[in-house]
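**Student:** Structure below; questions to follow.
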Amino acid sequence: MRTRSRWSMVVLTLALLAGCSTSDDGSVGGDGVVVEDTEPPAEAIAVTPSPLGDILVDTEGMTLYVTLNDIGGVPTCVDACARTWPPFVADAVEPPAQFDITDFEQVPLPDGTFQIVYKGHPLYRFSGDRAPGDTNGQGMDGVWYVLGLDGQPIRTPSS
């Protein structure tokens, strides 16, 4: 009888193990499904024409801004400021083909996310933009501007 219970435990253990598999990263999936460790997709940056010239936009076509308050690639818009000017965060960035990927960097934020920086300028969105291509934040407070393809703020007033 004792031998029979040992065999039952072995059979039960094998049955449980047969329903699982281990992927290269050591994660286990049930029913023979391998759980893959995949990286999140890169956030795409695009170029769009605007009355201000060609500007950088995110995947949804929302305008990306810079603030003259940021110096040396260090974001200064945090806490309450970041509610109006959310940082453009991503684990990776996919720039347009004509851009050099080395012009893009990531800087860590206190919450563990990474803000994208282009040619030394941390990028932000503006909460007052409602539709793709809006530039409602242009010139706000004399420090917020859309970013030209050359990495310089476009200081032309919005029309």
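The values are calculated or read from the model by the stated rules, or taken from the named source; none is laboratory data. Treat the numbers as computed from the prediction; the structure is a model and nothing was measured. Heads up, the Cβs are rebuilt from the backbone with ideal geometry, glycines too, and the neighbour counts pull from every protein chain shown. To get the accessible areas, we keep the full protein, side chains included, count just its heavy atoms, and leave off ligands, DNA and RNA. Shrake-Rupley method; radii C 1.70, N 1.55, O 1.52, S 1.80 Å.
**Student:** Is it the case that GLN115 is more than 23 Å from GLN138 (Cβ to Cβ) and either at pLDDT 95 or above or polar (S, T, N, Q) (or both)?
**Tutor:** no
**Student:** So how many residues does the range 82-118 have that are part of a loop (DSSP other than H, G, I, E, B) and surrounded by fewer than 17 Cβ atoms within 10 Å (Cβ to Cβ)?
**Tutor:** Residues that pass the stated criteria total 12.
**Student:** Consider the range 29-44. How many of its residues are charged (D, E, K, R) and either modelled with pLDDT of 50 or more or open to solvent by less than 60 Å² (accessible area, probe 1.4 Å) (or both)?
**Tutor:** 2
**Student:** Additional query: Any idea which of GLY26, GLY61 is at pLDDT 90 or above and surrounded by fewer than 15 Cβ atoms within 10 Å (Cβ to Cβ)?
**Tutor:** Step by step, each of GLY26, GLY61 is checked, and only GLY61 is at pLDDT 90 or above and surrounded by fewer than 15 Cβ atoms within 10 Å (Cβ to Cβ).
**Student:** Against the conditions (1) polar (S, T, N, Q); (2) free of Cβ contacts under 8 Å to residues at least 60 places away in the same chain; (3) surrounded by 12 or more Cβ atoms within 10 Å (Cβ to Cβ), where does THR135 fall short? Just the number, please.
**Tutor:** Result: THR135 passes all but (2).
**Student:** Would you please name the residue that is modelled with the lowest pLDDT, looking only at residues in the range 68-80 that are more than 19 Å from the chain's Cα centre (by Cα) and either surrounded by 13 or more Cβ atoms within 10 Å (Cβ to Cβ) or in a strand (DSSP E or B) (or both)?
**Tutor:** The extreme case among them is ILE71.
**Student:** Going by what's in this entry, would THR135 be described as on the phi < 0 side of the Ramachandran plot, within 15 Å of the chain's Cα centre (by Cα) and either β-branched (Val, Ile, Thr) or part of a loop (DSSP other than H, G, I, E, B) (or both)?
**Tutor:** no
**Student:** Residues of the range 45-58 being open to solvent by less than 20 Å² (accessible area, probe 1.4 Å) and in a strand (DSSP E or B), which ones?
**Tutor:** Scanning the range 45-58 gives ILE55, LEU56, VAL57.
**Student:** LEU147 versus (1) surrounded by fewer than 20 Cβ atoms within 10 Å (Cβ to Cβ); (2) within 15 Å of ASP54 (Cβ to Cβ); (3) touching a residue at least 60 places away in the same chain (Cβ under 8 Å): which is the lone unmet condition?
**Tutor:** (1)
**Student:** Name the residues in the range 119-132 that are out of contact with any Leu (no Cβ under 9 Å at 6 or more places or on another chain), open to solvent by less than 20 Å² (accessible area, probe 1.4 Å) and in contact (Cβ under 8 Å) with a residue 60 or more places away in the chain, would you?
**Tutor:** Correct list: ASP129 only.
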